Each structure stands twice: as C-alpha cells, then as structure tokens.
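Undergrad: Could you have a look at this structure, given as structure tokens, before my questions?
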Amino acid sequence: MTNANMTDVPDISVEWYRDIVDFADGTPQPVHWFATHFTEGAVLLLGVLLVVAAAAQLLGGDIRGRALALAAPMSVLLAYGGSEGLKDLVAEDRPCRSPADLVIVAAHCPPAGDWSFPSNHATIAGALAAATLLLHRRIGLVAAPLALLAALSRTFIGVHYPHDVAAGLLLGVLVGKLVTPIVARPVAEALRWRVRRAARPLTHPARR
C-alpha cells in the first residue's frame, strides 16, 4: 500500500488494521459512540492523573519530587513536538484515506496532510503515563493501562495503523521516562538554591 505521499506500510500492520476495523465495524452503535469519545477523553483523563500526581509531589514531596513535577509537562510537550517532526518527515497517509480501507468508526477521517505516523494521541498518552509513573507509582499504575487503551483506540476507530500507535506509545514512554529526570536536574538545583537562600540569616548594617 503506497502512494506518492506515504512510505511503505508493513503488510502485517495493514492486515491487523483491517482485522481490527472489521471487528469494530461489527460492534453495536453505542460502542462506536463510546470509542469515538474515549479516544479523546482518555488523553484528558491522563492529563488529570498527571496533575494529581504532580500536586502530590509539589505539596508533600522532597526537592527531587517537586522538580520532577515541574519537569513532567515539559517532557510531554517535547514528546508531542517529536511526534509532529516525525509525521512531517515520514509523511505516511492515514489508512482511512485509502480506498481499500474506508470502513472507520470515527465520524470523519483527518484531512490530507494530517499524517499518520506516529500517532500524536498515542505519543501524548505514553508520555503522560510515563511521567505520572515517575511521580506517583499508584496513580501511574492506573495511567499505564489507560494509555495503552487510548493508543489502541486510535486503530479501533480507524484513523491509525497499529504500527503508528505502537511507535507513538513507545516514543512517548521513552521521552516521558528519560527526559523528565534530565529536565528535573537543573530544576532541582534551582529549588535547592532557593532553599539555601531562604535559610541564610539576614545581615544588618553595622551601627555607628
């Protein structure tokens, strides 16, 4: 499956995509409605979980925890930026734009030029889950399967190949897990400097 605007798509990914969308097409209409809304709502819910985990560190964590909480949103933004860059570089067309794969659960197929590889939703979901897991293990264990479902839902509704969501999820997890601690280091140093500065005794000018 190739055209002038896309790279070769692995045959196994095409086969899995067709199996998944055929199954999705056979599910009841309420499932279609739920899947269409879940694919957007899950990312929002992951964002809420990250905020809750970050708040726990900011209010009750040590300096490293607070630094990770402040760095986490930056890693999510970096993951998203990386996925956008890869989209423009690879320029893989959406499966739902192929005449052979027009059966989709989503209300519409994204327009031409909104490339498929990797999935932005899956990337953001992976980054949010990885960052949340770094901040709060119990909340992260809720976020991890939710991120996986959010990624899979992009193929279920027909707007991404399986390898798109797998690559996006992997990219997001790697950036969230590896970049967050790196960004947190200078943030932690800045927080320690503020603590040391606040602890210094006030000096008064000598009286004559």
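Undergrad: Taking log10 I(q)/I(0) by the Debye sum over Cα atoms at q = 0.10, 0.15 Å⁻¹ as the quantity of interest, determine which of [x] -0.56, -0.84; [y] -0.49, -0.90; [z] -0.43, -0.92 was computed from the displayed structure.
TA: Entry [y].
Undergrad: Through the Karplus equation 6.51 cos²θ - 1.76 cosθ + 1.60, θ set to phi - 60°, convert the phi angles of the stretch 110-125 into ³J(HN,Hα) values in whole Hz; use x for Gly and Pro.
TA: x, x, 4, x, 8, 5, 9, 10, x, 6, 4, 4, 5, 4, 5, 4
Undergrad: Which residue, VAL48, GLY60, TRP193, has the largest displacement toward the positive end of the dipole of the chain when charges sit on each Cβ (Lys, Arg +1; Asp, Glu -1)?
TA: Among VAL48, GLY60, TRP193, the one farthest towards the positive end of the dipole of the chain is TRP193.
Undergrad: How much of LYS87 can a 1.4 Å solvent probe reach, expressed as accessible area in Å² and rounded to 10?
TA: 10 Å²
Undergrad: Hey, in the GNM for the chain with a 10 angstrom Cα cutoff, which one of PHE34, PHE156, PHE117 fluctuates hardest?
TA: PHE34
Undergrad: Also: Percent relative contact order of the chain, based on C-alpha pairs within less than 8 angstrom and at least six residues apart? Before the final figure, lay out each step's value.
TA: Numbers: 340 pairs, mean separation 60.7, N = 208.
The value is 29 percent.
Undergrad: Between VAL173, VAL21, VAL159, where does the largest GNM mean-square fluctuation fall for the chain, given springs only between Cα atoms within less than 10 Å?
TA: VAL21
Undergrad: If each DSSP helix of 4+ residues adds -39,500 (n - 2.57) and the sum is divided by the residues in the chain, what number results at 222 nm, nearest 500 deg cm²/dmol? Can you show the working numbers first?
TA: Numbers: 7 runs with 144 residues, N = 208.
-24000 deg cm²/dmol, from helical runs alone.
Undergrad: Report the far tail of the P(r) of the stretch 124-165, meaning the percent of Cα-Cα pairs longer than 14 Å.
TA: On the way: 399 of 861 pairs.
Within the stretch 124-165, distances greater than 14 Å cover 46 percent of Cα pairs.
Undergrad: Could you do me a favour and compute the accessible area per residue for the stretch 1-75, 1.4 Å probe, result in Å²? Write out the running numbers ahead of the final one.
TA: Details: 4430 Å² over 75 residues.
Heavy-atom SASA per residue in the stretch 1-75 reads 59 Å².
Undergrad: Here is a further query. Starting from the stretch 9-97, pick out the GluC sites (Glu not before Pro) whose DSSP state is loop and whose Cβ has at most 14 other Cβ atoms within 10 Å. Before the final figure, lay out the partial values.
TA: Numbers: sites: GLU15, GLU40, GLU84, GLU92; in loops: GLU92.
In loop regions of the stretch 9-97 (DSSP not H, G, I, E or B), there are no sparsely surrounded GluC sites (Glu not before Pro).
Undergrad: Nearest 10 degrees is fine. How inclined is helix 29-60 to the longest principal axis of the chain, computing both from alpha carbons?
TA: 10 degrees
Undergrad: Can you tell me the orientation of helix 137-156 relative to the chain, as the angle in degrees between its alpha-carbon axis and the longest Cα principal axis, to the nearest 10?
TA: The helix 137-156 is inclined about 30 degrees to the chain.
Undergrad: In terms of solvent-accessible area of protein heavy atoms at a 1.4 angstrom probe, what is the ranking of CYS109, CYS96, highest value first?
TA: Numbers: CYS109 35, CYS96 10 Å².
The residues order as CYS109, CYS96, largest area first.
Undergrad: I've got another one for you. Could you tell me what percent of the accessible area of the chain is made up of carbon and sulfur, with a 1.4 Å probe and every protein chain present? Show your work: numbers first, answer last.
TA: Details: 7710 of 11670 Å².
So the carbon and sulfur contribution to the accessible surface is 66 percent.
The values are calculated or read from the model by the stated rules, or taken from the named source; none is laboratory data. This is a predicted model, so every value here is computed, not measured. Every residue, glycine as well, gets a Cβ built from its backbone with ideal geometry; the counts of neighbours run over all protein chains shown. Keep in mind that these areas ignore ligands, DNA and RNA; they rest on the heavy atoms of the full protein, side chains included. Shrake-Rupley method; radii C 1.70, N 1.55, O 1.52, S 1.80 Å.
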